[in-house]
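Structure record follows, encoded as C-alpha cells.
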Amino acid sequence: MNRRQALTGAVAAAAGIGASAVGAEEGNVRLPEIDEMTNVCAHEHWGSLPSIGFAGEGFRADNVAGAGSDDVTLFDLLFCPYLHGFLAQGGFDTHGLASAGGYSDIMAMARQEPEKVIAAALPHLRSQRTTGAVTCLTLGVRLLHEFDLDDLSPSNFRAVSDRINMRYRNIFGWYRQAMETAHMAGPYRAVGLSFLLERENPQAAERELSFTKPLLRVDDYLSPAHKANQRFRYTMDKLGMEPTDAATWRAFIGEIMDRAAGAGCIGIKQLQAYSRDLDFQPVGDDAVDFSADEGEGLRTLQNWIVNVFCEEANARGWPFQIHVGTHNLPQSSPLPLATLMVLYPSVKFVMIHTWPYLDETAFLVQQHHNAYVDTCWLPILSHSHMEAALRTYIGYVPGHKLMLSQDATSVELAAGSSQVNRALLRKVLAEKIDDGLIEERHALDLAQWALGDNARAVHGT
Ligand SMILES: [Zn+2]
C-alpha cells in the first residue's frame with residue numbers, strides 16, 4: 001500500500017464509507033452516500049480478453065454463454081482490446097517486440113518472458129497514467145486485487161497475476177464477488193444469437209445467465225455481404241431460413257427476435273455509427289434491392305433492415321442501444337436518429353458513449369420521450385470527457401433518462417470506471433449544491449437514478 005492509498009483508505013474509514021471512495025480528501029468527503037449506491041452495468045463486454053479468445057469472428061465471451069479460461073492473468077487486463085489499442089496508438093509496438101523475440105504476439109511472449117514484457121510496458125503505462133483506461137484499470141485492480149499498478153515492476157507482478165488467475169478460474173463466482181465489493185450489479189451484455197441459443201457447457205452457461213442479461217447485436221444482419229460472416233451463417237442454419245426479398249427478410253428478422261426473446265433477451269444493440277451515419281430513413285419495400293452489397297443500394301437496404309428491427313423492438317417495447325460518436329467522426333452524430341425516435345415511440349433509444357456529441361445527444365434526450373443516454377465507455381476513454389458529459393446532461397435532461405454504465409472488457413476495468421462515475425458525480429453535484437441551484441436530496445435522487453434505477457427501468461429488469 002502506498003502513501004496515497006493509505007491516506008484515501010484512512011479518510012474513507014474515518015468518514016464511514018467504503019474503500020471505493022475516490023477523490024476523498026481529508027475532511028472533504030461530499031455526498032458519501034454515492035459511493036455505496038448500486039451502479040448497474042447496462043452495457044458490458046466482460047471476458048473480451050485474449051486468453052478467453054475468439055469464436056465466430058468475435059470474442060468468444062460474446063458468442064458462447066459460460067465462456068471462461070484457466071489462463072487469464074494480469075497480462076489479459078493489460079492487453080485487453082481497449083488498453084492494447086490505446087497503448088499501440090500511443091507508440092507501444094507490441095507486435096514488433098513480440099516478433100523480434102520470435103513470438104506470434106505479445107500474449108505468447110508474456111507467457112515465456114513476462115518480466116521483459118512488463119519492463120517494456122512500464123514507460124507506456126506511465127505516460128498514459130492520466131488517461132481514462134489506465135486510470136480505470138489502476139483503480140479497479142487496487143480495489144479488487146489490493147495491488148497498486150503504480151508500483152508495478154518486473155519483480156513484483158507475479159503475485160498479483162497469480163491472484164487474478166486464481167479468481168478467473170471461477171470466473172462467474174469472481175464476477176459476483178467483485179460486483180459486491182464494487183457496489184455494482186448486472187452486467188447486461190450485447191451478444192450474438194448463438195450465446196442465447198447454444199449451450200457448450202450447460203453448467204457454466206447457467207452460472208453466467210443467473211445474473212447476466214443479454215441484448216442481441218443486430219449488426220451482423222445488416223448486409224448481404226454478412227452472409228459470409230459466421231454469425232449470419234449460423235443464424236441461417238439454425239433457423240433454416242435464407243432471406244432474399246422483403247417477405248423472407250421480414251420473416252427472418254421476426255424469427256431472430258422471437259428466438260432471442262424466448263431465450264431471455266431484453267433488447268437490441270448496434271454499432272453502425274462505426275461505419276456509416278445514423279440517418280436510417282424509412283424506405284418502401286419496392287425501393288430496395290435486396291442483393292445490393294455496396295454504395296447507395298446497400299445503404300438503402302441497411303435503412304430498410306434497421307427499420308424492420310425497430311418495428312420488432314417497438315412491438316416488444318424493447319430498448320435499442322445505439323453507439324454514438326467516439327469513432328467515424330464527424331459521421332456519427334446522433335441527430336438523424338430523431339427520425340427513428342418519432343416513428344417507433346415504444347422503442348427506448350439508448351444512445352451510448354456520445355462524446356463528442358454531448359450537446360446533440362442532450363437535445364434529443366430532452367426532446368423525445370423515448371430517448372435516453374448512457375455515458376458508458378467515457379470514464380475508460382477519458383475522465384475529462386466523462387466530467388464534461390455530466391456537466392452537459394445534469395441540468396438539461398430529466399433525471400430518469402441518464403445512465404452511467406462502464407462498457408468494460410473486464411470486471412476490474414468496470415470497477416475502476418464505476419469509481420470514476422461516483423467521484424465525478426460527487427464533484428459535479430456538490431458544485432450545483434454549492435451554487436445554490438439544487439439541494440442535497442435532489443443530488444442524491446439523481447445519483448440513485450443515474451447509477452442504477454434508470455438502467456433497470458429502461459431494460460425492464
Ligand atoms: Zn460496447
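Using the structure shown, decide if GLY58 is at pLDDT below 95, within 15 Å of the ligand (Cβ to nearest atom) and not hydrophobic (A, V, I, L, M, F, W, C).
yes
Report yes if ILE352 is touching a residue at least 60 places away in the same chain (Cβ under 8 Å), open to solvent by 20 Å² or more (accessible area, probe 1.4 Å) and within 16 Å of the ligand (Cβ to nearest atom), otherwise no.
no
Quick one: count up the residues across region 415-452 that are farther than 22 Å from HIS383 by Cα and in contact (Cβ under 8 Å) with a residue 60 or more places away in the chain.
Qualifying residue count for the region: 1.
Among the numbered conditions (1) assigned to a helix (DSSP H, G or I); (2) within 28 Å of the chain's Cα centre (by Cα); (3) of a type outside the set (Val, Ile, Thr), tell me where PHE147 comes up short.
(1)
May I ask you to list the residues in region 333-349 that are in contact with a strand residue (DSSP E or B) (Cβ under 8 Å, 6 or more places away or on another chain) and open to solvent by 40 Å² or more (accessible area, probe 1.4 Å)?
LYS348, the sole residue that qualifies.
Can you find a residue that is free of Cβ contacts under 8 Å to residues at least 40 places away in the same chain, touching a Phe, Trp or Tyr at 6+ places or on another chain (Cβ under 8 Å) and assigned to a helix (DSSP H, G or I) anywhere in region 377-397?
Yes, region 377-397 contains a residue that is free of Cβ contacts under 8 Å to residues at least 40 places away in the same chain, touching a Phe, Trp or Tyr at 6+ places or on another chain (Cβ under 8 Å) and assigned to a helix (DSSP H, G or I).
What about TYR372, is it touching a Lys or Arg at 6+ places or on another chain (Cβ under 7 Å) and open to solvent by less than 40 Å² (accessible area, probe 1.4 Å)?
yes
Please go through region 40-52 and pick out each residue that is away from the ligand (no atom under 15 Å from the Cβ) and either of a type in the set (Lys, Arg) or open to solvent by 10 Å² or more (accessible area, probe 1.4 Å) (or both).
Listed by number, the residues that qualify are PRO50, SER51.
Before we move on, is ALA362 more than 16 Å from the ligand (Cβ to nearest atom), under 30 Å from ALA415 (Cα atoms), open to solvent by less than 20 Å² (accessible area, probe 1.4 Å) and at pLDDT 95 or above? So that I can check it myself, show each step before the final result.
On the way: more than 16 Å from the ligand (Cβ to nearest atom): yes; under 30 Å from ALA415 (Cα atoms): yes; open to solvent by less than 20 Å² (accessible area, probe 1.4 Å): yes; at pLDDT 95 or above: yes.
The answer is yes for ALA362.
Note down all Cβ pairs under 7 Å where the first residue falls in region 316-332 and is farther than 19 Å from ILE268 by Cβ, the second is open to solvent by less than 10 Å² (accessible area, probe 1.4 Å) and away from the ligand (no atom under 13 Å from the Cβ), and they're at least six residues apart or on different chains.
GLY325/SER332
So which of LEU424, LEU364 is outside any loop (DSSP other than H, G, I, E, B) and under 21 Å from the mean Cα position of the chain (by Cα)?
LEU424
Tell me which helices (runs of 4 or more DSSP H) are completely within region 60-122 and hold 2 or more residues being out of contact with any Lys or Arg (no Cβ under 8 Å at 6 or more places or on another chain), at positive phi and surrounded by fewer than 18 Cβ atoms within 10 Å (Cβ to Cβ), or say none if there are none. Explain how you work it out, then say what you get.
On the way: elements: 60-63, 74-78, 81-89, 94-100, 106-112.
Because the criterion is at least 2 residues that are out of contact with any Lys or Arg (no Cβ under 8 Å at 6 or more places or on another chain), at positive phi and surrounded by fewer than 18 Cβ atoms within 10 Å (Cβ to Cβ), no helices (runs of 4 or more DSSP H) in region 60-122 meet it.
What residue, among those in region 375-390 that are open to solvent by 10 Å² or more (accessible area, probe 1.4 Å) and of a type in the set (Ser, Thr, Tyr), is farthest from the ligand (Cβ to nearest atom)?
SER384
Restricted to region 7-36, and to residues that are open to solvent by less than 20 Å² (accessible area, probe 1.4 Å) and at pLDDT 80 or above, which residue is farthest from the chain's Cα centre (by Cα)?
Here the answer is LEU31.
Tell me, which residue of region 391-436 that is under 26 Å from GLY90 (Cβ atoms) and of a type in the set (A, V, I, L, M, F, W, C) is nearest to the ligand (Cβ to nearest atom)?
ALA408
Condition check: touching a His at 6+ places or on another chain (Cβ under 9 Å) and either β-branched (Val, Ile, Thr) or within 22 Å of GLY317 (Cβ to Cβ) (or both). Does GLY254 satisfy that?
Criteria not met by GLY254.
Considering region 132-180 alone, what residues qualify as being over 30 Å from THR326 (Cα atoms) and of a type in the set (Ser, Thr, Tyr)?
Of everything in region 132-180, those that are over 30 Å from THR326 (Cα atoms) and of a type in the set (Ser, Thr, Tyr) turn out to be SER153, SER155, SER161, TYR168.
The values are calculated or read from the model by the stated rules, or taken from the named source; none is laboratory data. Remember, it's a predicted structure, so these values are computed and weren't measured experimentally. Note that we place each Cβ from the backbone using ideal geometry, even for glycine, and neighbour counts take in every protein chain shown. Ligands, DNA and RNA are stripped out before the accessible areas are found, and what is left, the full protein with its side chains, is counted by its heavy atoms. Shrake-Rupley method; radii C 1.70, N 1.55, O 1.52, S 1.80 Å.
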